[in-house]
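Step one of this worksheet: look at the structure below.
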């Protein structure tokens, strides 16, 4: 296929996640195959591209990345409009766990890659017999054949996104307010050693345990040196699994004189290494997103989070010493057995520990998560659309109402002004958009106040 063209499509048009984040999964695929084909084109449908206009006479392969349930009908419609004479391969987390459904809905799909795709896509292009390629499902004589799973290898130090193929500029936004920075993503590790019951990131998309695997500090920093964007978001589920590796990455960033802003997500165990936190702050880590989930010990135990409320409080005593970092906390509501009063305590608890930003999610069931056994054993609980878990006492409409109350209570006028001031003080937004940012914050503040007084 050395003289052939490959088209890679990120199919989401309105998903919030596709609004300002580049599709690095497809860029990883492009990096893995660039030595095997003549040319590769990556398009993002968020920018209203017409996929058919990018199909050439030499296009022999179309790859589509499907990671979420969002826009499922629209995504299938797009796939079904692709030429049936061109090999069409789809991959991504959602495609992996719903392979049969996509084969039924999309006659144009020839192959589904289940799990990591960098090695598999090379095997396909090199013409390996499909029945010998582990980790794929494919059509043969009107039937769907599922080959055995492919064992996941360690993360490569040499394959990372091919950004030369990027056709768009991605800019960081908060609530539709552009902060004046280009944003890019870096995946420095995959997997997670923990086994939280609500989470499946510690598994591969096939339900097997995914061992954590991290790239070397040299590999990560070499990639960062090639990035033009001013803001880099690490996609790792838990950046600090290997705390020494994390410290080495930021040591090397400092040594190379790289001037960027960084954001990452982790657990509260980071507080046990103030030296690593200091390195993070020194090189420009601006946002740290912490998985807290609940302020209640019994819920943390139910979720197998392996932390306690006191442990969270102690961690934030350390975090709050680093005043040039914005700390964001993730919380889950609708836990099994949780009352409305317990859910609403999240707002007060977040203020008590000094969080700057909170993100409230619903408890969700994903295939292979361990929540199913708890749900089945508890009367009155159900799994709704998109896996949202609700109960007879707290239907989804009530959960949305509680979520809104928590956010409005936490983001008081004082907290909003305090957050805006901190972001501006640490240089979290470009000077050219300071006043639009402040105006946007206050426009949303006024809207929130009006909403609270509306009938």
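The values are calculated or read from the model by the stated rules, or taken from the named source; none is laboratory data. Only a predicted model underlies this, so the values are computations on that prediction, with no experimental measurement involved. All Cβ positions, glycine included, derive from the backbone under ideal geometry; neighbour counts span all protein chains shown.
Which one is modelled with the lowest pLDDT, of the residues in the range 188-210 that are in a strand (DSSP E or B) and under 24 Å from residue 262 (Cβ atoms)?
Of the residues in the range 188-210, the ones in a strand (DSSP E or B) are 189-190, 203, 209.
Within this subset, residues satisfying the condition of being under 24 Å from residue 262 (Cβ atoms) are 189-190.
Numbers: 189: 94, 190: 89.
Residue satisfying both the conditions and the ranking: 190.
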query: Is one or more of the residues making up the range 33-48 without any contact (Cβ under 8 Å) to a residue 12 or more places away in the chain, over 22 Å from the mean Cα position of the chain (by Cα) and under 21 Å from residue 119 (Cβ atoms)?
result: yes
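For residue 39, indicate whether it is more than 24 Å from residue 96 (Cβ to Cβ) and modelled with pLDDT of 95 or more. Break it down into steps so the answer makes sense when it comes.
Values: more than 24 Å from residue 96 (Cβ to Cβ): yes; modelled with pLDDT of 95 or more: yes.
It is true that residue 39 is more than 24 Å from residue 96 (Cβ to Cβ) and modelled with pLDDT of 95 or more.
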field: From the options 227, 258, 288, residue that is modelled with pLDDT of 95 or more and within 18 Å of the chain's Cα centre (by Cα)
entry: 288
task: Taking the residues in the range 373-397 that are exposed (fewer than 15 other Cβ atoms within 10 Å of the Cβ) and in a helix (DSSP H, G or I) as candidates, determine which candidate is farthest from the chain's Cα centre (by Cα).
output: 376
task: Would you kindly identify the strands (runs of 3 or more DSSP E) lying entirely within the range 122-187 that contain at least 3 residues that are under 20 Å from residue 60 (Cβ atoms)?
output: 136-140
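Of the residues 21, 36, which single one is touching a helix residue (DSSP H, G or I) at 6+ places or on another chain (Cβ under 6 Å), in a loop (DSSP other than H, G, I, E, B) and not assigned by TED's automatic domain parsing to the domain that holds residue 187? If you could, list the steps in order and put the result at the bottom.
Working: 21 fails: touching a helix residue (DSSP H, G or I) at 6+ places or on another chain (Cβ under 6 Å).
When all the criteria are applied, what remains is 36.
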- line: By residue number, the members of the range 53-95 that are surrounded by 20 or more Cβ atoms within 10 Å (Cβ to Cβ) and in a loop (DSSP other than H, G, I, E, B) are 66, 67, 82, 92
- request: Just name the residue that is farthest from the chain's Cα centre (by Cα) out of those in the range 145-179 that are more than 25 Å from residue 214 (Cα to Cα), crowded, with 19+ Cβ neighbours inside 10 Å and modelled with pLDDT under 85.
  value: 179
